[in-house]
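In what follows, a structure is listed as structure tokens, so that the remarks can point back to it.
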Amino acid sequence: MQPFVISIRGLKPGRSRHEWHVGGEFFGTFENSEVLDADLQVVVDLSYFEDSAEVKCTIEGSVVVMCDRCLEDLRLPVSTGFELGDDEIDLGADIDLRQDVYDFVCISLPMQRVHPDGECNGETVKYLSK
């Protein structure tokens, strides 16, 4: 089974926990991803009962993106999550959380992605100051 895909078939009713590590290769599978690298832990708590399901997902760690000012790598912290209820889960199919994990990490990032003052590449900043 692929990461972030939970098979409902054969799953016993009750609560279960699923954990995955997310690296840069995951974001590389999405077209035009701004995430260059990642070190994230994804934890999914699934409550499944034969006629209902609920997913609670937490995502913690960091990602590397390009600094908007100096174009060097910038590591940003990530702390986000989401919940899915009955109306968002098709109990007749596997639960595929790949797109949700990607989307929630991306929307958790700030619009302006820059190093703190004094930490940008000095050579680049010199050119920007002219």
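Worth a mention:
- Highlighted here are the strands (runs of 3 or more DSSP E) found entirely within region 1-95 that include at least 1 residues which are open to solvent by 70 Å² or more (accessible area, probe 1.4 Å), touching a Lys or Arg at 6+ places or on another chain (Cβ under 9 Å) and of a type in the set (A, V, I, L, M, F, W, C): 52-66.
- Number of residues in region 20-48 that are out of contact with any Gly (no Cβ under 8 Å at 6 or more places or on another chain), modelled with pLDDT under 95 and over 30 Å from residue 68 (Cα atoms): the value is 1.
- Scanning region 2-28 for residues that are free of Cβ contacts under 8 Å to residues at least 12 places away in the same chain and within 19 Å of the chain's Cα centre (by Cα) yields a total of 2.
- Neighbours by Cβ (under 7 Å, 6+ apart or cross-chain): first from region 71-83, aromatic (Phe, Trp, Tyr); second modelled with pLDDT of 95 or more and assigned to a strand (DSSP E or B): 82/57
- Check on residue 39, acidic (Asp, Glu) and more than 30 Å from residue 114 (Cβ to Cβ): no
- Considering residues of region 101-122 that are acidic (Asp, Glu) and surrounded by 10 or more Cβ atoms within 10 Å (Cβ to Cβ) only, the residue modelled with the highest pLDDT: 103
The values are calculated or read from the model by the stated rules, or taken from the named source; none is laboratory data. None of these values were measured; they are calculated from a predicted model. We place every Cβ from the backbone using ideal geometry, glycine too, and count neighbours over all the protein chains shown. Side chains included, ligands, DNA and RNA excluded: accessible areas come from the protein's heavy atoms. Shrake-Rupley method; radii C 1.70, N 1.55, O 1.52, S 1.80 Å.
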